[in-house]
């Protein structure tokens, strides 16, 4: 029985295929996106607002830490500020309840809206 000269180890083939995948599909958020999200984190942390998660109020520092953990957890899925807000600032993964925020002199509203406005306020600061 003749042995093929074109025998190719599976591991080597897998490595070559992974190398051919565009880096953006496997990479974490880029520097520009990370800078924009960091600017949003700063807005959260420095705000005078109360952030509500599962019916419980959290101060700005707690809210920022929670969103940061979710940003890190979903880093391989986040490719835009909108995706960050969707995954880290919209609702509880545990209960499905929406996150809300209440700032002095304003009615309580969805945190996602507030985060989008924070991104608009800080656009350009992170780059």
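Restricting attention to the stretch 87-120, the residues being closer than 20 Å to residue 61 by Cα, surrounded by 12 or more Cβ atoms within 10 Å (Cβ to Cβ) and in contact (Cβ under 8 Å) with a residue 12 or more places away in the chain number 20.
Being in a helix (DSSP H, G or I), surrounded by 10 or more Cβ atoms within 10 Å (Cβ to Cβ) and modelled with pLDDT under 75 is the requirement here; does residue 14 meet it?
The answer is yes for residue 14.
Quick check: is even one residue across the stretch 59-68 without any contact (Cβ under 8 Å) to a residue 12 or more places away in the chain and assigned to a loop (DSSP other than H, G, I, E, B)? Checking the stretch 59-68: at least one residue is without any contact (Cβ under 8 Å) to a residue 12 or more places away in the chain and assigned to a loop (DSSP other than H, G, I, E, B).
Are any of the residues in the stretch 69-80 over 14 Å from residue 29 (Cβ atoms) and either in a loop (DSSP other than H, G, I, E, B) or out of contact with any strand residue (DSSP E or B) (no Cβ under 6 Å at 6 or more places or on another chain) (or both)? It would help to see each step written out before you state the result.
We begin by selecting, within the stretch 69-80, every residue over 14 Å from residue 29 (Cβ atoms); these are 69.
Restricting the remaining residues to those that are either in a loop (DSSP other than H, G, I, E, B) or out of contact with any strand residue (DSSP E or B) (no Cβ under 6 Å at 6 or more places or on another chain) (or both) gives 69.
Within the stretch 69-80 (the criterion being over 14 Å from residue 29 (Cβ atoms) and either in a loop (DSSP other than H, G, I, E, B) or out of contact with any strand residue (DSSP E or B) (no Cβ under 6 Å at 6 or more places or on another chain) (or both)), the answer is yes, since at least one residue qualifies.
Restricting to the stretch 83-110, and then to whatever is outside any loop (DSSP other than H, G, I, E, B) and touching a helix residue (DSSP H, G or I) at 6+ places or on another chain (Cβ under 8 Å), can you tell me which residue is nearest to residue 68 (Cα to Cα)? By that ranking, first place goes to 88.
The values are calculated or read from the model by the stated rules, or taken from the named source; none is laboratory data. From a predicted model like this one, the values you see are computed outputs, not experimental measurements. Cβ atoms come from the backbone with ideal geometry, glycine included; neighbour counts cover every protein chain shown.
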